[in-house]
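**Student:** My questions all concern the structure below.
The values are calculated or read from the model by the stated rules, or taken from the named source; none is laboratory data. A quick note: this is a predicted structure, and the numbers were derived from the prediction, not measured. Every residue, glycine among them, receives a Cβ derived from its backbone with ideal geometry; neighbour counts consider all protein chains shown.
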Amino acid sequence: MAKPKPRLLDGTAAATKRLKRLAKRKPGGLTLGIIMATDNAATRTYVRQKQRRAEEIGYRVLIDDLGPKATRRQLLDACGRMNRSKRITGYIVQLPLPKAVDPLEIFAAVDPHKDADGLTPENLGKLYTNRPGILPATPKGILELLDDYRVDLRGIRATVVGKGILTGLPLATMLSHRGATVTSCDRYTTDLARHTASADLLVVAAGKPNLITGRMVKLGATVVDVGATRLKTRLAGDVNFAAAAKRTGWITPVPGGVGPMTVVSLLENVHQLGKN
């Protein structure tokens, strides 16, 4: 008897539907800005994907490529130019940045009214106090993907592995606002498996390939893998997909899960900024 295939949370399909709906809103005249300061090949590929999707539905894209040796001052000046530009509807500062630069300082320099990634102190403050604002693109995309597959979050136990400002921290708050009981884990968490194996929803954003094994997943759980590490021959997630998929109710693939939803959420944010 053939083994049953895992039920996939197909981010590519869900993002395609949302992009079509966004295109129908006729987003002409909107411009996405991207500030880059890296020579990381995977990051540059991801930026090209964002540019391609944006242009497909009629956005203009302006990229300010500062190179991997960009200084704090150069990045702050680039934010200032984007803030003042009448052409830019919304923009992002693409991570990673050079090691000597504090990303939180750079995010704080972004005009909240042009904050397409939802990472300025003002927009994060609105998120944490559950007020309307621009939401961080990756957590927003994750919740929209779960909604598309009708995963009910009320009353469930959710474990988020990773406390980064891009995904882990804001997502834990957003899940809590949606009625989930949330446990946040990081590298200091003792007995990680105890927390992951009790979760109805497990979201992993640690940046460590194959961190989560099959035994660390609750039977029937929904698993969202945010990890995307470029190995020699493939892109690897933080979850051992083959092992975990034998136990899950739903699981995201890597690639084709969270990534496409992040991109469409970013473009939705730009559209929202264009209406404000």
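**Student:** Just to be sure, is Pro96 at pLDDT below 95, farther than 20 Å from Asn269 by Cα and assigned by TED's automatic domain parsing to the domain that holds Ala41?
**Tutor:** It is true that Pro96 is at pLDDT below 95, farther than 20 Å from Asn269 by Cα and assigned by TED's automatic domain parsing to the domain that holds Ala41.
**Student:** Can you tell me which of Thr181, Thr120, Thr173, Thr190 is surrounded by fewer than 22 Cβ atoms within 10 Å (Cβ to Cβ) and free of Cβ contacts under 8 Å to residues at least 12 places away in the same chain?
**Tutor:** Only one candidate passes the filter, namely Thr190.
**Student:** All but one of (1) within 22 Å of Asp10 (Cα to Cα); (2) within 18 Å of the chain's Cα centre (by Cα); (3) touching a residue at least 24 places away in the same chain (Cβ under 8 Å) hold for Thr229; which doesn't?
**Tutor:** (3)
**Student:** Mind listing whichever residues of segment 44-95 are of a type in the set (Ser, Thr, Tyr), exposed (fewer than 15 other Cβ atoms within 10 Å of the Cβ) and in a helix (DSSP H, G or I)?
**Tutor:** The answer is Thr45, and nothing else.
**Student:** Which of the residues spanning segment 105-129 are among the polar types (S, T, N, Q) and within 23 Å of Thr31 (Cα to Cα)?
**Tutor:** If the condition is that a residue be among the polar types (S, T, N, Q) and within 23 Å of Thr31 (Cα to Cα), then Thr120, Asn123 are the ones that fit.
**Student:** Name the residues in segment 123-170 that are among the hydroxyl-bearing types (Ser, Thr, Tyr), buried (at least 21 other Cβ atoms within 10 Å of the Cβ) and either assigned to a loop (DSSP other than H, G, I, E, B) or over 17 Å from the mean Cα position of the chain (by Cα) (or both), would you?
**Tutor:** Thr167
**Student:** Of Ile142, Ile156, Ile106, which residue is of a type outside the set (Lys, Arg) and touching an Asp or Glu at 6+ places or on another chain (Cβ under 6 Å)?
**Tutor:** Ile156
**Student:** So which of Lys26, Lys20, Lys86 ends up being on the phi > 0 side of the Ramachandran plot and charged (D, E, K, R)?
**Tutor:** After applying the criteria, what remains is Lys26.
**Student:** Right, next: Which is under 22 Å from Arg178 (Cβ atoms), in the same structural domain as Tyr188 (by TED's automatic domain parsing) and out of contact with any Gly (no Cβ under 7 Å at 6 or more places or on another chain), of Gly155, Gly164, Gly125?
**Tutor:** Residue meeting the stated conditions: Gly164.
**Student:** I need the full set of residues from segment 98-117 which are surrounded by fewer than 22 Cβ atoms within 10 Å (Cβ to Cβ) and in a loop (DSSP other than H, G, I, E, B), in order please.
**Tutor:** If the condition is that a residue be surrounded by fewer than 22 Cβ atoms within 10 Å (Cβ to Cβ) and in a loop (DSSP other than H, G, I, E, B), then Pro98, Lys99, Ala100, Val101, Asp102, Ala109, Asp111 are the ones that fit.
**Student:** Collect the residues in segment 49-107 that are farther than 26 Å from Asn276 by Cβ and touching a strand residue (DSSP E or B) at 6+ places or on another chain (Cβ under 6 Å), keeping them in residue-number order.
**Tutor:** Residue satisfying the conditions is Asp65 alone.
**Student:** Any residue in segment 261-275 that is more than 30 Å from His113 (Cβ to Cβ), crowded, with 23+ Cβ neighbours inside 10 Å and in contact with a strand residue (DSSP E or B) (Cβ under 7 Å, 6 or more places away or on another chain)?
**Tutor:** no
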